[in-house]
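Inspection log for the structure reproduced underneath, given as structure tokens.
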Amino acid sequence: MNVKVNELMSGSVVTTEKHKSIEHARKIMERNKVSAIPVVDGEGRLLGIVSATDLLRDTNDSAPVGTIMTEKVFSVPQYDDVSTAARVMRNHRIHRVIVTHEQKVVGVLTAFDLLSLVEGHRFVAKNPPTPASRKATKRS
């Protein structure tokens, strides 16, 4: 399978900046029907991520996004194989990775995007190996 991340990712990414309010991030997520948005600097470089779970915290909605964002964000280059992204997501038990190009955010790849490979028959699961048949032997 030689499918690249940029073939499956969502390319129209909504982002926010760390000085914007939590309420601002919430409205962006509701309006765009997304469960997380990357936090970027003025150059579009990834600083963190804010998810719906982060918004559940008991915080002041006028506080900056930087106070609740997760700074440890997993990203993959847009020309990597999707198998790399899938491995990162599985190993770290996350639902999405941010896609970058030259350190700038260009997309998001989610677990649902990966499912489109199976749905589109672009990935075919192998049959499980059959158990070896053992001959019955008599012991004396």
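Taking the condition free of Cβ contacts under 8 Å to residues at least 40 places away in the same chain, on the phi < 0 side of the Ramachandran plot and surrounded by 15 or more Cβ atoms within 10 Å (Cβ to Cβ), does VAL39 pass?
It is true that VAL39 is free of Cβ contacts under 8 Å to residues at least 40 places away in the same chain, on the phi < 0 side of the Ramachandran plot and surrounded by 15 or more Cβ atoms within 10 Å (Cβ to Cβ).
I'd like the full set of residues that are among the hydroxyl-bearing types (Ser, Thr, Tyr), surrounded by fewer than 18 Cβ atoms within 10 Å (Cβ to Cβ) and over 19 Å from HIS95 (Cα atoms), limited to the range 9-36.
SER21
Could you go through the range 57-72 and let me know if any residue there is over 30 Å from GLU119 (Cα atoms), surrounded by 13 or more Cβ atoms within 10 Å (Cβ to Cβ), free of Cβ contacts under 8 Å to residues at least 40 places away in the same chain and not β-branched (Val, Ile, Thr).
Among the residues of the range 57-72, not one is over 30 Å from GLU119 (Cα atoms), surrounded by 13 or more Cβ atoms within 10 Å (Cβ to Cβ), free of Cβ contacts under 8 Å to residues at least 40 places away in the same chain and not β-branched (Val, Ile, Thr), which makes the answer no.
Can you name the residue in the range 83-115 that is closer than 17 Å to GLY42 by Cα and among the polar types (S, T, N, Q) and is also nearest to the chain's Cα centre (by Cα) among such residues?
THR100
Every number in this text was worked out from the coordinates using simple rules, so none of it is lab data. On a predicted model such as this, the values are computed, not experimentally measured, just so you know. Please note: Cβ atoms are built from the backbone with ideal geometry, for glycine as well, and neighbour counts cover all protein chains shown.
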